[in-house]
Structure formats: C-alpha cells, structure tokens
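Read the structure below first, then the notes.
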Amino acid sequence: MHLLKHHHRQMKLRSSSLLLLLSFSPTGSFTTSSEKPSTTCLKNTAADNSNSNIMTPADPWNPFDKQHIEEARKLDVWPLDKYNAKTLDEVHPRSYTQSTTEPHQVYDLIAIGAGAGGLVSSKQTARRGGKAAMISAHLAGGDCLNVGCVPSKALLRAAKAIKEVKRAAEFGISLGGAAPTIDFKVVMNRLRERRSVISPADGHDGTSSAGTHVFQGFGKFTSPNTIEVNGKTLTFKKAVVATGGRPTVPDYPGLKEAPYTTNEVLFNLEELPPRMVVLGSGVIALEMAQCFAAFGTHVTVIQRAERLFQSKGGDQEGAALLQKILTEDGVTFLSKSTIANVETLRERSKDTLPLMKVTLNVGEEKQVLECECLLVATGRASNVENLGLEEAGVEYQLGKGVTVNDLAQSVSNENVYAVGDCAAGVPRLTHMSGEMAKQAVQNALFGDDWKLIDFVVPAVMYTEPEYATVGIESADQAARKGIEVDVYRGGLEHNDRAILESDQNGFCKIVCEKGTGKIIGATIVAARAGEIINEVTLAMKHNISLDGIGRNIHPYPTTGEAVMGAGLQYINSKWTRLD
C-alpha cells in the first residue's frame with residue numbers, strides 16, 4: 001500500500017478511543033443493551049418518534065467505480081474493496097442527507113458527532129421516549145470503529161498469531177523446519193472484513209431504527225438553541241457536543257511537509273513498510289510498534305523521556321518489563337530523543353512507498369534513520385473549531401475542548417453538554433465517551449446529578465502482555481499528588497496458570513491508602529489484563545476493600561488469582577500470630 005500524506009483537516013467529527021467501551025458487546029461492537037436502564041420516559045410516545053419517512057440512499061458504494069474510489073479516498077478510506085464498501089454503506093452512505101423528511105420542530109436532544117458519544121446519547125434519548133437527532137459529518141462509529149480500537153485489535157490478533165506460530169516447537173508442534181511467512185495483504189484484508197462485520201451496529205440504519213433522526217452533514221451552532229446542518233436549522237432543548245479529537249503533529253522542521261502517517265490512515269496500508277519510525281510512546285505508539293515488529297518491519301520508537309510512562313508517574317517495574325519484552329520482540333527504543341529534522345527523500349507514488357530521513361537528537365549526539373513509514377503518535381487535540389460554539393455561548397479552549405462542570409455540562413450554556421475527547425480535562429478513551437453520553441442524557445433530560453467525580457475509569461494498552469491501569473497507578477504517581485500509600489503485589493512468577501501457559505511476565509499491583517485496605521488504584525501487566533482490571537475497578541466503584549478481594553474465591557488456575565494474591569498479601573500483613 002502507499003502511505004498517503006496526512007492532510008490535516010480542521011474538523012473531522014470523530015470520537016476516539018482506544019479501549020474497552022462499557023456498552024460494547026463481547027465482540028467489541030457497539031450496543032446499547034447495557035445502557036443505564038430506566039422506566040422513565042419523556043412526554044412524547046414511541047409513535048411520535050418513528051422514522052416512517054426514512055430517505056433511502058441513492059446508490060451503494062461500488063468498488064469498481066472510479067468516482068466512488070475517489071470519494072472514498074477523500075474520506076481517508078482505501079482501498080475501496082467489498083469490505084470497505086460494506087462499511088461505508090453503513091457509516092457514510094452515498095447521497096445520504098437525512099433519515100427523515102419530517103424533522104421535529106423541537107428536539108429534546110441533538111448530538112453533533114457520530115462516535116461513541118453521539119451514538120449513545122442520541123439512541124438512548126430516542127429509546128427513552130425523546131425526540132433525538134444525530135449529526136454525522138464524517139464516518140459514523142468515530143475513531144474507534146474506523147481508525148482506532150477496532151482495526152488496531154484486528155492487527156494485534158494477527159501479530160499474536162505470528163508469535164504463537166514462532167513458539168510452536170516449544171509446545172511440541174513441528175512446522176517441518178519452515179519459517180512462518182507473512183502475507184500482509186491477507187492480514188489487512190481480514191482487518192477490513194472484521195470491521196465490516198461490526199459496522200452495522202454503528203451505521204445510520206441502526207441508529208434511525210432506534211428512533212433517532214440521522215443527518216449526514218456538518219453541524220454548526222447558530223444560536224444557544226439552534227444548529228444548522230445541510231442548510232436546515234434544527235432547534236433543541238439540549239445538545240451534546242461529541243465531535244471527538246484528532247492526532248496532533250509536533251512542529252518539527254520538515255515533519256508537516258513529509259508524507260508521515262497517523263492512526264487516521266495507518267490502517268489503509270496495502271504494503272508492509274520495511275522500516276517504521278514511531279514518534280511517541282503512548283498506547284497507539286507501543287501497540288503498533290510491537291505489532292509491526294511481529295510482521296517483520298524494523299521498528300524504532302522515539303521517546304523524549306528516559307523510560308516509558310515517566311511523565312505521568314507510571315509504575316517503574318511495569319514500564320521496564322514492557323520495554324524489555326518489546327525489545328525482545330524486535331522494537332528498538334531511543335530514549336531521551338527528539339526529532340531535529342525530517343527530510344523527504346521520495347514521495348509516495350502509485351507503486352512505491354515514500355522514503356524519509358529522520359535526524360534525531362539522542363542525548364548529546366545526532367543519529368539518522370531512514371524509514372518508509374513515519375508514524376506520528378504524540379497525542380490528540382479536541383475537535384472544537386468551526387462548530388459555532390461562540391454563537392451558542394459555549395466556552396472552550398483550542399486543543400483542550402469544551403469547558404464542562406462535573407455534570408458534563410457546559411459552564412456557560414446549561415443546555416449544552418460535551419462528552420469524550422472534545423470535553424476538556426477528561427480521559428480520552430472510547431468507554432469514557434460512551435459513559436459520559438449516558439451521564440449527559442440522564443442529567444440533561446431526567447434531572448439527575450450524575451457526576452464525573454464518581455467515575456472510575458480503567459485504561460488498557462493491548463500489547464503482549466497487556467498493560468491495564470485504574471486510578472492512582474503507582475507509588476510514584478501517588479507521591480506526586482501528595483498521597484501516602486501502600487502497594488500490594490501479586491506476581492505471575494508463581495501463578496500456576498501463567499506457569500502452564502509459559503507466560504510468567506507480569507504482576508498485579510494494587511495501591512491503597514496508607515495503613516488501610518481502601519483501594520485507590522492499580523496497575524496490572526499480564527495476558528488479558530484488560531479483563532482482570534475490571535475486578536479492581538468494581539471494588540473501587542463500590543468501596544470494596546482489598547481484604548474483600550482477598551477473601552473473594554477465585555477459580556483455580558487463573559491469571560486473575562494475582563489480584564487475590566495482592567489481597568492476601570494485605571490480609572497477611574494484618575495477621576495476629578501465636579507466640
């Protein structure tokens with residue numbers, strides 16, 4: 001595949017995420033079956049909310065039509081094969097403007113954006129009897145479905161399979177001496193196919209079937225209670241800004257002129273780049289670094305800090321362990337490094353990947369790398385430009401997002417809420433966006449006072465092993481906040497399931513207020529750490545102490561016993577002894 005030069009558009013209404021959405025099905029698809037139940041409904045009836053006048057798109061996406069191919073590329077989607085065509089038919093149908101010929105005179109809630117936040121808030125409003133609309137300017141499903149959680153996990157599954165095959169002899173499985181080979185086109189074909197299976201859950205038809213009016217176009221506030229889309233003015237009682245975020249690109253000499261890539265186009269790759277330089281060391285950076293190294297790409301990660309997660313005070317043992325494992329997997333780390341200059345040696349062409357020369361400041365020395373793929377993964381900025389927020393009287397900060405109070409409500413317009421990546425000061429995670437959307441509906445339409453401060457938000461990096469955190473992640477992070485803590489550790493080195501899996505790299509550390517069993521955070525490094533962290537999150541949410549976890553019976557043998565091990569360590573520290 002040919003890497004497309006990333007052209008920054010000021011506004012793409014996308015909601016990001018990299019991780020487990022609380023209202024996701026076991027397959028990872030968006031559902032609303034787990035949305036906060038309520039028997040309360042708004043005044044209008046279900047009949048009032050039916051979309052009996054749904055407008056049908058003129059024609060489906062055609063992989064063999066040159067015009068369609070060009071239109072898809074403008075949406076940053078390629079190649080336009082049958083799977084991407086199927087996904088686009090769901091999330092950005094051609095010639096589609098709106099799902100109804102009879103918009104409501106006044107909507108109870110309008111969501112601008114069609115990622116997790118827009119989908120959850122508009123669907124839940126409709127299902128609870130409200131008149132709801134959702135405005136989708138780009139691809140419904142947002143970053144998570146299209147360029148984030150979903151495609152990245154499809155690639156990671158392929159990388160895991162490669163690693164399993166390479167270890168086959170360890171388990172008595174012979175491959176006849178042949179080394180495994182990678183068919184990257186098949187890998188990417190599977191990604192597109194799997195994404196297309198999930199896409200109907202986020203598609204326009206599914207949303208309109210829930211009772212929401214769907215408008216495909218750019219939505220913009222024109223007053224404190226009106227939004228314009230496709231030349232039509234819609235009036236609302238409450239509105240939710242759910243416009244997501246976008247990758248930020250540092251202002252290094254030559255970088256913005258180079259044919260770099262971000263997660264927005266990475267998953268369009270058709271050809272495996274021989275060399276990849278990754279700028280950044282966060283979730284996207286490390287997941288994709290390990291993944292592409294497994295595929296055979298020579299990957300170099302550039303990080304400003306001396307160690308992983310240093311800037312936020314992440315667990316030092318976990319950081320060192322993860323870097324050691326990724327290094328063993330073929331990833332090269334250049335720490336305390338910054339880019340001095342990026343030079344484009346060859347632009348992308350129809351049959352050739354681009355070529356760039358990256359000059360680095362590594363400590364006191366200069367180092368030069370060449371690469372066919374320069375992945376920029378240095379952070380994200382909120383999409384708040386050109387939304388008419390000034391006309392709506394909504395306070396915001398460029399890059400940071402809409403300023404909200406603890407109810408997810410704009411501090412300057414009580415009828416406007418913001419959720420997810422476009423809200424200032426909240427974790428930029430898909431599941432955070434989905435949960436805030438439920439919060440916004442409950443508070444805006446049903447008079448609740450569900451507060452952000454009550455959220456307990458886990459985060460997961462899907463490397464191997466997975467790296468999961470919640471709350472205060474480490475003693476170092478606690479010290480930065482002036483909190484005295486005790487840390488209890490359950491290691492995998494003596495975990496029987498981990499021993500039998502030959503996968504003993506990892507641990508569970510639970511952080512408690514000093515001298516007590518009150519859990520205030522955790523770091524778990526282990527296979528399926530993303531599943532294991534839920535037990536700790538639940539305990540924090542419902543004030544279950546660490547001794548309660550220690551006394552909870554866990555099935556044997558499971559990796560999750562490491563959580564119980566941390567609990568037993570706390571219990572044992574309080575033992576009385578016979579003289």
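Structure summary
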| quantity | calculated |
| --- | --- |
| Approximate spin-label separation residue 105-residue 483, in nm, with each point projected 7 Å along Cα-to-Cβ | 5.2 |
| Rg/Rh for the range 454-563, where both radii come from Cα atoms and Rh is the Kirkwood radius | 0.96 |
| Stretch gain in nm, segment residue 178-residue 451, where the contour uses 0.36 nm per residue and the Cα spacing is subtracted | 92.5 nm |
| Exposure of residue 257 as accessible area (Å², to 10), given a probe of 1.4 Å and all protein chains | 110 |
| The range 150-216, accessible area per residue, ligands and nucleic acids excluded (1.4 Å, Å²) | 47 |
| Cα gyration tensor, the range 440-508 - rounded (a/c under 1.5), prolate or oblate | oblate |
| Positive-end residue of 477, 441, 422, charge dipole of the range 382-515 with Cβ unit charges | 477 |
| Most positive-pole-ward Cα, 224, 260, 284, against dipole of the range 192-295 from beta carbon charges | 224 |
| Rg/Rg_globular for the range 522-579, with Rg_globular taken as 2.2 N^0.38 Å and Rg from C-alpha atoms | 1.20 |
| FRET E, pair residue 97, residue 534, Förster distance 45 Å, beta-carbon r, rounded to 0.05 | 0.65 |
| Solvent-accessible surface (1.4 angstrom probe) belonging to residue 450, in square angstrom, nearest 10 | 30 |
| Evaluated over the chain, the Cα radius of gyration and Dmax, each in Å | 24.4, 85 |
| Over the chain: helical MRE at 222 nm, DSSP H runs n ≥ 4 each giving -39500 (n - 2.57), nearest 500 | -8500 deg cm²/dmol |
| Convex hull of the range 183-317 built on C-alpha atoms - directionally averaged projected area, nm² | 13.5 |
| For the range 78-157: rounded, prolate or oblate by the Cα gyration tensor [a/c cutoff 1.5] | oblate |
| Farthest positive-ward along the range 125-176 dipole, Cα basis, beta-carbon charges - from 138, 172, 126 | 126 |
| Over the range 116-171 - Rg/Rh using Cα atoms and the Kirkwood inverse-distance radius | 1.34 |
| Cβ crowding within 10 Å averaged over residues, with 171-183, 341-353, 549-561, 458-470 ranked highest first | 458-470, 549-561, 341-353, 171-183 |
| At least 20 Å along the helix axis (C-alpha) and Kyte average at least -0.5, DSSP helices within the chain | 149-166, 184-198, 430-446 |
| The range 286-433: C-alpha gyration tensor shape, a/c 1.5 cut-off, then a/b vs b/c | prolate |
| Quotient of C-alpha Rg and 2.2 N^0.38 Å, computed over the range 254-337 | 1.10 |
| FRET efficiency estimate (nearest 0.05) - Cβ-Cβ, residue 406 to residue 494, R0 35 angstrom | 0.20 |
| Separation of the residue 558 and residue 368 label points, Cα + 7 Å toward Cβ, nm | 5.6 |
| Part-to-part distance (alpha-carbon centres) for the range 339-384 and the range 162-183, which is given in Å | 33 |
| The range 167-215: projected area of the alpha-carbon convex hull, averaged over directions, in nm² | 6.1 |
| Projected label distance in nm at residue 359 and residue 190, using a 7 Å step from Cα toward the beta-carbon | 4.2 |
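The values are calculated or read from the model by the stated rules, or taken from the named source; none is laboratory data. Only a predicted model underlies this, so the values are computations on that prediction, with no experimental measurement involved. Cβ coordinates were reconstructed from backbone atoms using ideal geometry, including for glycine residues, and neighbour counts include every protein chain displayed. These accessible areas exclude ligands, DNA and RNA; they are computed on the full protein's heavy atoms, side chains included. Shrake-Rupley method; radii C 1.70, N 1.55, O 1.52, S 1.80 Å.
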